[in-house]
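To start, the structure itself, in structure tokens.
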Amino acid sequence: MNRFTVAILVNNQFGVLNRVTSMFRRRQFNISSLTVSETESADFSRITVQSEGDEINKQQLINQLYKLPDVRSVVELDPLETVSRELLLIKVEHSPENQGEIRAASDAYEGKIVDYTKDAMIIQMVGDSRKIDNFLDLMKDFTILEICRTGVVSLERGAVTIQRVTNL
């Protein structure tokens, strides 16, 4: 199965997110990442979904999304033509013996310590999914107290915008 990312521009209306995610459920796609926010216009929201599936079912899903009344456009994002980022907040228990190692790992991955108490620290990291995954693997050697991770946000490179895609 192939991982793919789809950006969906929708009318900013009550219930639209439910209808879009229900389409993924009906097509039996597991959503691995989901982000939603208003766009440069309060009239529209942008939904970015990361999922896995075969090519035929993915195309059927995209075609069905176009049929939803509040969907304005759907774009499958090419990973080579997009800038994608995630945000990670991770709370790690520390002691005098391991805090230097945790700080060094955070620095190596360009993390930022945003909260520090005598027994725990919260590290903020922004990066692509692979960077976040690799950092989390490294942190497994320590006591992770909590993880909060956003979904992927992506924009196509250049002057191309999702609003210029026509779904009619």
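Here are the numbers:
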quantity	calculated
Charge context of Val92, other residues only, Cβ under 13 angstrom, K/R +1, D/E -1	-3
Whichever lysines have a C-alpha closer than 23 Å to that of Lys140, once near sequence neighbours (fewer than 8 apart) are set aside	Lys91, Lys112, Lys118, Lys131
Length released on extending from Ser41 to Gln28, taking residue separation times 0.36 nm less the Cα-Cα span	1.5 nm
Relative contact order %, region 2-77, counting alpha carbon pairs below 8 Å whose residues are six or more apart	48 percent
Formal net charge of residues neighbouring Arg46 (Cβ-Cβ distance under 13 Å; K, R +1; D, E -1)	-4
Listed residues Arg85, Arg46, Arg19, most fluctuating in the chain (Gaussian network, C-alpha, under 10 Å)	Arg19
Positive minus negative residues near Gln13 (Lys, Arg vs Asp, Glu; Cβ under 10 Å)	-1
Fewest-first ranking of Ser84, Ser95, using other Cβ atoms within 10 Å as the exposure measure	Ser95, Ser84
At most 16 other Cβ within 10 Å, DSSP loop - GluC sites (Glu not before Pro), region 15-105	Glu40, Glu97
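Values quoted throughout were computed directly from the atomic coordinates according to the rules given, and no laboratory measurement underlies them. Source: prediction; values computed, not measured. Ideal geometry is used to build each Cβ from the backbone, glycine not excepted, and the neighbour counts take in all protein chains shown.
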